[in-house]
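The values are calculated or read from the model by the stated rules, or taken from the named source; none is laboratory data. Just so it is clear, the model here is predicted, and its values are computed rather than measured. As a convention, Cβ positions derive from the backbone with ideal geometry for all residues, glycine included, and neighbour counts pool all protein chains shown.
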Amino acid sequence: MSDRVRCAWGDSTPDYAEYHDTEWGVPLRGQNEMFERVSLEAFQSGLSWITILRKRESFRAAFLGFIPEKVAEFSPDDVERLMADAGIVRNRAKIEATVRNARAIGDLDRPLDELLWSFAPTGPRVRPATMADVPAVTPESKAMAKELKRRGFAFVGPTTCYALMQATGMVDDHIASCWRAC
């Protein structure tokens, strides 16, 4: 990979190194961007993130760029089309959750990214020394999951929400020895 010291997972494959170095933990805003990340994190549930990362462009094509208004209009025929798309993870419950979540976005009283970022922790946090020090769930991710479910979202449990928080820079869990921990 390179001489940079990364979080251990970020050194395991070139795909992970690129994602670690350029995206993971970088603050992300925008409704479409956050809808994509919510969706991809949901698809990742029970799978390796590398599987999702390598299929990302196919997911973007299949879900029309993750534009919520377009995905909200998906019909049962679209779900069947996606179930036949080998370029994505063909899990009916996750596909239907993505459509449901797009519809739920249309019912929000504020932009999706604003809602999600309202759960970002405030104040100083202790940087993890090792990956073993990184939590899977936090009080904030539990609160985010509860609120999203209350608003009609699916496949957004506390662990998925915390992974979303990490991926989109709401929290910075790069370990202390990582070059990104500046």
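Some notes on this structure:
- For the stretch 69-88, the set of residues classified as in contact (Cβ under 8 Å) with a residue 12 or more places away in the chain and either β-branched (V, I, T) or in contact with a Lys or Arg (Cβ under 8 Å, 6 or more places away or on another chain) (or both) consists of V71, A72, V79, L82, M83, G87, I88, listed by residue number.
- Top-ranked residue of the stretch 8-22 - restricted to ones that are closer than 20 Å to A136 by Cα and hydrophobic (A, V, I, L, M, F, W, C), ranked as surrounded by the fewest Cβ atoms within 10 Å (Cβ to Cβ): A8
- Residue within the stretch 78-98 that is exposed (fewer than 13 other Cβ atoms within 10 Å of the Cβ), under 25 Å from L47 (Cα atoms) and at pLDDT below 95 present: no
- Within the stretch 117-161, the set of residues being under 19 Å from F43 (Cβ atoms) and of a type in the set (G, A, S) comprises A136, S141, A145, G152, A154, G157.
- V5 vs. criteria crowded, with 19+ Cβ neighbours inside 10 Å and of a type in the set (A, V, I, L, M): no
- Qualifying residue in the stretch 135-150 (condition: within 19 Å of P27 (Cβ to Cβ) and among the acidic types (D, E)): yes
- Looking only at residues of the stretch 23-74 that are modelled with pLDDT of 95 or more and hydroxyl-bearing (S, T, Y), we find that the one that is surrounded by the most Cβ atoms within 10 Å (Cβ to Cβ) is S39.
- Test result for G46, without any contact (Cβ under 8 Å) to a residue 60 or more places away in the chain, small (G, A, S) and touching a helix residue (DSSP H, G or I) at 6+ places or on another chain (Cβ under 8 Å): no
- Residue list for the stretch 101-132, restricted to those being in contact with a Gly (Cβ under 7 Å, 6 or more places away or on another chain) and either surrounded by 13 or more Cβ atoms within 10 Å (Cβ to Cβ) or modelled with pLDDT under 95 (or both): A104, D113
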